[in-house]
Amino acid sequence: ECVGPAAALLENGGEVRMVTANRNAEDVVLLEELRELLVKYPTRFRVRHCISQTTAAETNLAMVENESMTQGRVDYRVLMEEFGGKWRDGGAAEHFLMVGTAAMEQAVIGMIARARLYDFSKIRGHPLFLLIKGPHGDNSKWVALSPSESDEFVEL
């Protein structure tokens, strides 16, 4: 669910930084596809795998350029390290895609705020930058928070 949007952004000249969260190194989803993108776009794509239930020795597996694996869970410090600072265009992170459950979404929003990657005082309601796909992909019971531009408005 994350490889498609990443590939599209990279194909159109974008820069993508990705953090994955897994219990162990063997659980990393779509690893070969991610590595293909890393090889194809070495200056604009990087991936960090956070492995929660492994030893430090297991995080020293063979990696490709711009791929890293660290022991521990994703927290605000990981997001600050990976998404903070200047990007290639001199700006800051503009968009975040989070794939996971509603609880994970809430945790990520909190981490983004704590890492000061976005000024939450400027928004009300759901952050416009955070795109979410549930644990069942397109089959999730996800409803857009805003009507699409093609929806007709009914006067009450």
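Quick notes on this one:
- Index of the failed condition, Trp142 passing every other in (1) modelled with pLDDT of 75 or more; (2) not in a helix (DSSP H, G or I): (1)
- Here region 1-43 is the region considered, the condition is being open to solvent by less than 30 Å² (accessible area, probe 1.4 Å) and over 16 Å from the mean Cα position of the chain (by Cα), and the residue that is modelled with the lowest pLDDT is Ala25.
- Residues (open to solvent by less than 40 Å² (accessible area, probe 1.4 Å) and at pLDDT below 80) located in region 101-131: Ile123, Pro127, Phe129, Leu130
- Restricting region 85-100 to residues that are open to solvent by 70 Å² or more (accessible area, probe 1.4 Å) and either more than 14 Å from the chain's Cα centre (by Cα) or acidic (Asp, Glu) (or both), the residue that is modelled with the lowest pLDDT: Glu94
- Boolean, Arg46 is open to solvent by less than 50 Å² (accessible area, probe 1.4 Å) and at pLDDT 90 or above: no
The values are calculated or read from the model by the stated rules, or taken from the named source; none is laboratory data. As the structure is a computational prediction, the values presented were derived from the model and not from experiment. Heavy atoms of the whole protein, side chains included, go into the accessibility calculation; ligands, DNA and RNA do not. Shrake-Rupley method; radii C 1.70, N 1.55, O 1.52, S 1.80 Å.
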